[in-house]
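The next block holds one structure in the form of structure tokens; read it before the comments.
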Amino acid sequence: MSEKPVVSGKPAMSAQTAVSVQTAEGRGAVAVVQVTGPGAVDAVDACFLAASGRPLAQQPPGAIRFGRWRDASGEEVVVVRRGSPDPAVEVHCHGGAAAVRAVVRDLVAQGCVQQPARPEHAPPGAAAVTLDAQLALRHALTERAVGVLLDQAEGALERALREIADSLSAGGGVDQLRQLLDRAELGQRLTSPWRVVLAGAPNVGKSSLINALLGYSRAIVFDQPGTTRDVLTAAAAIEGWPVSLSDTAGLRAADDPTEAAGVELARQMLQQADLILDIRDAAQPDAPSAIPADAPATRRLVVWNKQDLAPAPAGSLSTSAATGQGVDDLLAAIARSLVPHPPEPGAALPVTAAHAEQLARALAAAQRGDYAAALQAVQALLAPAGSD
């Protein structure tokens, strides 16, 4: 497939078509470039090669299409065509500054006028929760997060809340509120990653394992116990969900002040973890867990590492950081633990802590039979964007 020519110096389109970057610079792994105005579809079509081969102009509003930018070897992008009230197209590309600049430059060459980001582009009468989702979209950390937030920005949460309001008016809605509230953690983690901490005794292979999970040598690995003196953290996308992986110092009594400080920091990280990976040595199956007794009763996975050197207990989650065996199973287990019930496309979920707090108030009121108070709490979320 040949490269699409991008003509420089093209005059601006008659009714202004604007391009703006909707994501905070350098914040997320995915950037959102928005094109609005009568020439939006044509401008993007001139630069976008859809995997389906069909021009964006032939796609219905709301369509999400994968493809490449400019030519068959170009940047992978996701393009979303929006409909009313105004023609708009969103280009979701790599979050790096150079990639974003290239997309904007090509669109300007098509006659678009670059403008500052305009996050307050909710349709007239849209609820505040819809604008909140559009703002959250600017900070999405992965492509999958973008997709879920885009559903909310397109009104999925608002529609669900209106249905709940109708149910509350009829003396129901408790189950709907509970189901929506159950998704609150997921909604907030789309812009702030889950914290997964690898912990265990010295020399059980935590650093090697985090390298295997990430696919590159993020941590420096030595054979000497106590090598990791600080917390090493790296961002990852596990089945598309944003995760912060932290490799901590080996948990043991330490005489060396520097190592002791690392152990204390590891204990602090355990207190903040969303998921603890309790890493153990398959060659020492009788060794007790090194996780402190005062660690929170949070999600935990026991992982038997070094299975290439010794068999792990039957039926256990086991890995070999050296050979890569079991790493894919561990990644899948992490994803299941963090998101046991992934949302279906178009499913509603709250995206901010404020949404969750208001829904919790509504649920508590409905459970005690005060449906008027519950309805008031839900209606507060449905207030028009920009209202006091």
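Please treat every number below as a calculation from the coordinates, not as lab data. Remember, predicted model here, so these are calculated numbers, not experimental data. With ideal geometry, Cβ positions are generated from the backbone for all residues, glycine too; neighbour counts draw on all protein chains shown.
Below, the figures for the structure above:
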| quantity | calculated |
| --- | --- |
| Residue exposure sequence - Asp247, Asp132 - by fewest surrounding Cβ within 10 Å | Asp132, Asp247 |
| Cα-only radius of gyration and Dmax that characterise the range 276-388, units Å | 22.3, 64 |
| Extension gain (nm, one decimal) between Ser169 and Asp86, 0.36 nm per residue minus Cα-Cα | 26.5 nm |
| Residues Gln268 and Phe66, FRET efficiency given R0 of 51 Å [Cβ-Cβ distance, rounded to 0.05] | 0.80 |
| Förster radius 41 Å - calculated FRET efficiency between Leu214 and Ala57 (Cβ-Cβ, nearest 0.05) | 0.50 |
| Evaluated over the range 326-388, the Cα radius of gyration and Dmax, each in Å | 17.1, 53 |
